[in-house]
Amino acid sequence: MHETNLLDLTRCPICGQTNACGMELAKLKGLGETEHCWCMNASFAPELFANLPESLLGKACICASCAKGDQS
């Protein structure tokens, strides 16, 4: 699990790699919030969230690799 003092919403809280969150990228580009993100149609196994601290839940998107179970 990747923890930092300052949460980077563009990084996966599990592996620390870029999460490619469309909503966060739109905010960074000044486009406001958008509902278009790869994760909106993705399925996430409950086990992915089991080891995350409660403070990280619902804050930053898990990346596609971790969502597929490719995390190391």
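The values are calculated or read from the model by the stated rules, or taken from the named source; none is laboratory data. These figures come from a predicted structure and were not determined experimentally. For neighbour counting, all protein chains shown are included, and Cβ atoms are generated from backbone atoms with ideal geometry for every residue, glycine included.
Restricting to the range 20-72, name every residue that is β-branched (Val, Ile, Thr) and at pLDDT 80 or above. Steps first, please.
Kept after step one, since they are β-branched (Val, Ile, Thr), are these residues of the range 20-72: 34, 62.
62, the sole residue that qualifies.
Inspect the range 38-55 for any residue being hydroxyl-bearing (Ser, Thr, Tyr) and surrounded by 10 or more Cβ atoms within 10 Å (Cβ to Cβ) and give the result as yes or no.
Within the range 38-55 (the criterion being hydroxyl-bearing (Ser, Thr, Tyr) and surrounded by 10 or more Cβ atoms within 10 Å (Cβ to Cβ)), the answer is yes, since at least one residue qualifies.
Name the residue that is farthest from residue 9 (Cα to Cα), counting only residues in the range 51-72 that are in contact (Cβ under 8 Å) with a residue 40 or more places away in the chain and of a type in the set (S, T, N, Q).
Within the range 51-72, the subset in contact (Cβ under 8 Å) with a residue 40 or more places away in the chain is 51-53, 56, 59-66, 71-72.
Add one more test, that the residue is of a type in the set (S, T, N, Q), and what stays is 51, 65, 71-72.
Working: 51: 18, 65: 16, 71: 18, 72: 20 Å.
The selected residue is 72.
Looking only at residues that are in a loop (DSSP other than H, G, I, E, B) and over 14 Å from residue 58 (Cα atoms) in the range 2-19, which one is modelled with the lowest pLDDT?
Among residues in the range 2-19 that are in a loop (DSSP other than H, G, I, E, B) and over 14 Å from residue 58 (Cα atoms), the one modelled with the lowest pLDDT is 4.
Has the range 28-50 got any residue that is outside any strand (DSSP E or B), touching a residue at least 40 places away in the same chain (Cβ under 8 Å) and among the aliphatic types (A, V, I, L, M)?
Scanning the range 28-50 turns up no residue that is outside any strand (DSSP E or B), touching a residue at least 40 places away in the same chain (Cβ under 8 Å) and among the aliphatic types (A, V, I, L, M).
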